[in-house]
Amino acid sequence: MSLVWERPVPDRRRSVSLDRERIVAAATALADAEGLEAVTLRRVAAGLDVLPMRLYTYLETKDDLLDLMADWAYQQIELPGPRTGWRPALRAVAQGLRTVAAEHPWLVTLLANRPPYGPNGLRLVERVWSALYDRAADPATAAAACTAFIGYVTGALAQEAGQPHHPGVERYLATAVTDGPFPTLARAFAELAPADTVAAGLEVVLDGIAARL
C-alpha cells in the first residue's frame, strides 16, 4: 500500500477539467455543508459533474481523499515565525488549529484518526518540534513534550466540539450533577465562572512543559 503523497500527480492534460485541488475543494465544501459523513466519492463526483470513476485517476480510495482534506486544512493555519519564543509559538499553533476547526468542524474527526503525513501536516509538526527540541535536556523529553502538546490540543478540540448545545441536555446535566452523588462536580458547577477552558487547559500543559524544560 502506498500513501497518496507517494504517488505522482496525474498529468492534467489527461483531464483538463479535473485535478486533486478541485476534488478536495468539492469535498471540503460538501463536508462544510453536510458534515464529514456526507463525503463519498460518488457525492463528490456528482458535485463536480463527473462520473465517480473519473476520481480514481487521482485517488485510490476514500482514505486518500480524507488525507488530502486534512492536509488542506493544515495549510490554512498560519504558523509562527522561527524567532517566536517556544511558548507563544505553541499558543499560536493551538489557536490556529482551533480557528480552522471552528470553521471546518469535520477537521476535529480527522485530527483524531488521521496522522499528519501530508506536506502541510508535517510542516505543522515540524514547527512544534522546532519550538521544543533544542530546549529539552534530551530527545526523549522533547518527544514527550511535543506529544503532550499535540495530544492536549487534539483532545481539547474534540471535547469542545462534542459539548452539548441543546438546552435540554444542559438542563439534564445541571440537574443530574446537582441532585446526584457528585459533590465535587456540583461544587464546580456552582463555583466556576464561565471561562475559556481550552485556553486555560493549554496554559496548564505549557506550565508542565516549562517545568520539564
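Below is a table of values for the structure above.
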read-out	value
Of all residues in region 1-37 being of a type in the set (Val, Ile, Thr) and not in a helix (DSSP H, G or I), the one that is modelled with the lowest pLDDT	VAL16
Single residue of LEU90, LEU132 found to be in a helix (DSSP H, G or I) and under 19 Å from the mean Cα position of the chain (by Cα)	LEU90
Residue in region 149-172 that is more than 27 Å from LEU111 (Cβ to Cβ), modelled with pLDDT under 90, out of contact with any strand residue (DSSP E or B) (no Cβ under 9 Å at 6 or more places or on another chain) and surrounded by 10 or more Cβ atoms within 10 Å (Cβ to Cβ) present	yes
Residue that is farthest from the chain's Cα centre (by Cα) [pool: residues in region 56-68 that are modelled with pLDDT of 95 or more and aliphatic (A, V, I, L, M)]	LEU65
Some residue of region 52-73 being over 23 Å from SER2 (Cα atoms) and exposed (fewer than 14 other Cβ atoms within 10 Å of the Cβ)	no
Near pairs, Cβ below 8 angstrom, 6+ apart or cross-chain, from region 25-49 (surrounded by 14 or more Cβ atoms within 10 Å (Cβ to Cβ)) to any residue that is of a type in the set (S, T, N, Q)	LEU36/THR109
Among the residues listed as PRO105, PRO119, PRO82, the single one being touching a Ser or Thr at 6+ places or on another chain (Cβ under 9 Å) and either basic (Lys, Arg) or touching a residue at least 40 places away in the same chain (Cβ under 8 Å) (or both)	PRO82
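The values are calculated or read from the model by the stated rules, or taken from the named source; none is laboratory data. Not measured: the values here are computed from a predicted model. Neighbour counts are summed over all protein chains in view; Cβ atoms, including those assigned to glycine, are modelled from backbone coordinates with ideal geometry.
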